[in-house]
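Student: Below is the structure I would like to discuss, written out as structure tokens.
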Amino acid sequence: MCGIVGYIGRRDAIPVVLEGLRSLEYRGYDSAGLAVIYRNKLQVTKTAGRVQDLRDRVGDRARATIGIGHTRWATHGEPTDANAHPHTDSTGRIAIVHNGIIENAEQLRDALTQRGVALASDTDTEALAHMIAAEATDDTSLEDAVRRVLRHVEGTYGLVVLDTRNPAELVVARNGSPIVLGIGASEMFVASDVAALVRYTKQVVYLDDGEVAAVHASDYRVVSLDDSGRRASGGDKVPTTVEAEADDYELGPYEDFMRKEIHEQPEALRRALRGRLDDRFSTARLGGINLDARQLRSIRQVKFLGCGSAYYAGQMGAVLVEELARIPSDAEPASEFRYRNPVVDPDTLYVAVSQSGETLDTLMAVQELRRKGGQVIGAVNVVGSAIGRECGTGVFLHAGPEIAVASTKALTNMAASFAMLALLLGRVRDLSAASGQRMVTGLRALPGQMEAILADEEHIAEIARRFAAAEHMFFIGRVRGWPVAREGAQKLKEISYVHAEAYQAAELKHGPLALINASMPSVVVVPDDDLLSKNVSTIEQIKARGGPVIAVTSAELPPSLADAVIRIPRGEPELDPLLLNVPLQMLAYHIAAKLGRDIDKPRNLAKSVTVE
Ligand code: F6R
């Protein structure tokens, strides 16, 4: 994922931009660059290398008070110096950094070439620099020029533009790719992710799609891309305060963010539960969803929508809602929902699930729901993100910044939030106070139980090393264990590149048992519930065909049933999925570590998928 940083104020812009780019390095990139205005001239430095190479190249440049920077992950054109951002127009007056993909780039580039403009790169972005320069004439402001040009642009963008004619202004715009303004004291920051600005300010303004902002050192003005919204939106976007601290983006004693975030789960979970468990009425309090008891009772179905791990967390939520509230519930990938012209039921509560709050498929599903009058709430980690704002109400996950590509602590907090939602829905229906209190107590015990699992890391790592040579693995679960198995397989695939397949336990015998042999280990998820004997018999079926078994369980299993056993503490059975998931994260992590993978940045993957 590309990264954007911009600064305007009294400080030296170069170190601010370089430091911002450094804190976005975790998102992955192949080249970096920056541009500043010094004595009314643009100074651009780029490298098809690391931010440190850029720092070396910039050297001891003279002080500038306005600048933009970028880390690029190549889409149009190879990762070369020429293709790195910022891009400029031919006269060197306009500089632009851009995230996203311009879909009609070929057309725009051809039109420029026909007008005799010489293009210096293979990128989609460069065309914008030339077009803005042509529009930003003496009687047209940069902001107006950017707005005019963007009307001809199809695709997604988060962008920042500099113009030497006006060295006291940055113009930024957003459509489908995040842009956030950081409000300082007589200084302003711009970034594609708050990670780049939390060390300077906690006051931020998130741009919405279709918005353009003119940013000066002591003010900003947000307008909509089309003229009609111009008067309406004005400069009235109120800043919000970010929860994150600069340290959240540092590794500390850990070798990578995934392991750090796995270990942060007990604390993240405590934050998600804080103030939300109600002993007096044995229920949960989720103020953000804004529905009174009567409205909660009128919900006849709950549907969770998310992508990847967020979808699997939604599946865990659906099981919990059916168990505790006894209303039908299911989960569907938002990426399917948005394309299949769904029937939207007014009595269904739709829950849009997303760590980043920026995943395009989930955002589109929410927009489709709102168009059709569906009742949708968000379960989102990043406050101020597009999905959170589009939903308007919902549950914040409070997991803290999740930096590794593989989702761990956010997924845990999603599942915990859904357990609370299920409890709340259950308690306005037929879930007794005693059962409600059992859940309240069970939820409160989870962080401590998770600490016990994390303390067993070396045992899990040893099992991981034993099985790291496997080329394929099955993950088997049923009912409560099924979404856990799916999520376990997903984690292994994405960070270790080992082929993993999740299967419902009872479906094995309808075909996939044929694949079982000594070189196909199965990870079997075994909650201590009334399906225990069924799961034991699944393990026996696999063993009978010579398949090695790793059992992850809260139950006491017959001795030597499995080849390796990972025991988790016994809690309330409905909440077992939250605990069973943690050893699977560690198993995937240690297999990937043994195989020498780049764990935080697996190949071909980005932290949030904001483009089609
Ligand atoms: C897997 C993973 C992805 C995300 C998915 C949705 O570890 O991280 O599958 O869960 O891309 O992302 P969010 O939750 O940001 O919408």
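Since every read-out is calculated from the coordinates, none of them should be taken as a lab result. Predicted model, so just to flag it, every value in this text is computed and none were measured. Here the Cβ is made from the backbone with ideal geometry for all residues, glycine too, and neighbour counts use every protein chain on show.
Student: Past 32 Å, Cα to Cα, is the threshold; run 202/493; 303/491; 491/534; 491/543; 409/534 against it and keep the listed order.
Tutor: Working: 202/493 36 Å; 303/491 24 Å; 491/534 25 Å; 491/543 24 Å; 409/534 30 Å.
Cα-Cα > 32 Å for 202/493; rest within.
Student: Here is a follow-up. Evaluate E = 1/(1 + (r/R0)^6) for residue 451 and residue 280, where r is the Cβ-Cβ distance and R0 equals 30 Å; express this FRET efficiency to the nearest 0.05.
Tutor: Step by step, r from the Cβ atoms, then E = 0.65.
Student: Treat segment 563-602 as a sphere of radius equal to its Kirkwood radius over Cα pairs and apply Stokes-Einstein at 10 °C in a medium of 1.306 mPa s; give the translational diffusion coefficient in µm²/s, rounded to a whole number.
Tutor: Diffusion coefficient, whole number: 135 µm²/s.
Student: Related question: What does the charge dipole of segment 216-369 about its Cα centre add up to, to the nearest 20 debye, if the Cβ of each Lys and Arg holds +1 and the Cβ of each Asp and Glu holds -1? Walk me through the numbers on the way to the answer.
Tutor: Details: 19 positive and 27 negative charges, 151 e Å.
For this selection, approximately 720 debye.
Student: For segment 321-395, max minus min Cα coordinate along each principal axis, in Å, sorted largest first?
Tutor: Projected onto the principal axes, the Cα atoms of segment 321-395 cover 32, 28, 19 Å.
Student: What does the charge dipole of the chain about its Cα centre add up to, to the nearest 20 debye, if the Cβ of each Lys and Arg holds +1 and the Cβ of each Asp and Glu holds -1?
Tutor: On the way: 69 positive and 81 negative charges, 149 e Å.
I would put it at about 720 debye.
Student: Let me ask something additional. What is the Å³ per residue value for the convex hull set by the Cα atoms of segment 167-218? Intermediate values should be presented prior to the final figure.
Tutor: On the way: hull volume 3.5 nm³, N = 52.
Output value, Cα hull per residue: 68 Å³.
Student: Please give the direction-averaged projected area of the C-alpha convex hull for segment 36-193, in square nanometres with one decimal.
Tutor: 9.4
Student: Whole number please: convex hull volume per residue, Cα atoms of segment 303-362, in Å³.
Tutor: Normalising the Cα hull of segment 303-362 by residue number yields 75 Å³.
Student: Now for a separate question. For segment 469-570, what is the charge dipole size about the Cα centre, in debye to the nearest 20, if Lys and Arg each add +1 at the Cβ and Asp and Glu each add -1 at the Cβ?
Tutor: It comes to approximately 60 debye.
Student: From the phi of every residue in segment 38-44, what ³J(HN,Hα) in whole Hz does the Karplus formula 6.51 cos²θ - 1.76 cosθ + 1.60 yield, where θ is phi - 60° and glycine or proline is x?
Tutor: Result, rounded to whole Hz: 10, 6, 6, 10, 7, 10, 10.
Student: Tell me which residues come under 5 Å, amide H to amide H, from residue 175 once H is placed; ignore anything under 5 positions away on its chain.
Tutor: Here 157, 158, 210 satisfy the definition.
Student: Something else about it: In what order do 435, 554, 31 fall by count of nearby beta-carbon atoms within 10 Å, going from fewest to most? Provide the component values of the computation, followed by the final result.
Tutor: Numbers: 435 17, 554 21, 31 25.
Ascending number of Cβ neighbours within 10 Å: 435, 554, 31.
Student: For segment 339-382, state the semi-axes of the equivalent ellipsoid (square roots of 5 times the eigenvalues of the alpha-carbon gyration tensor), sorted largest first and rounded to whole angstrom.
Tutor: 18, 12, 7
Student: Could you work out the percent of alpha carbon pairs in the chain separated by over 44 Å, rounded to a whole number?
Tutor: Cα-Cα pairs of the chain separated by over 44 Å account for 24 percent.
Student: Something else about it: Pull up all non-local amide H partners of residue 523: gap of 5 or more, or a different chain, and H-to-H distance under 5 Å with H placed in the peptide plane.
Tutor: Under 5 Å from the amide H of residue 523: 474, 475, 476, 550.
Student: How many percent of DSSP beta bridges within the chain run antiparallel, rounded to 5?
Tutor: Counting only bridges with both partners in the chain, antiparallel ones make up about 60 percent.
Student: Still on this structure, please answer the following. In segment 341-451, if the dipole is taken from +1 on Lys/Arg beta carbons and -1 on Asp/Glu beta carbons about the Cα centre, which of 396, 363, 344 is farthest to the positive end?
Tutor: Projecting each Cα onto the dipole axis, the largest value belongs to 396.
Student: Still on this model: Which ³J(HN,Hα) values in Hz, rounded to whole numbers, follow from the phi angles of segment 102-112 under the Karplus curve 6.51 cos²θ - 1.76 cosθ + 1.60, where θ = phi - 60° and Gly and Pro get x?
Tutor: Ordered by residue, 3J(HN,Hα) equals 8, 6, 9, 4, 4, 4, 5, 5, 4, 4, 5 Hz.
Student: Amide H of residue 566: which non-local residues (sequence gap of 5 or more, or other chain) have their own amide H closer than 5 Å, using H built in the peptide plane?
Tutor: Under 5 Å from the amide H of residue 566: 551, 552, 553.
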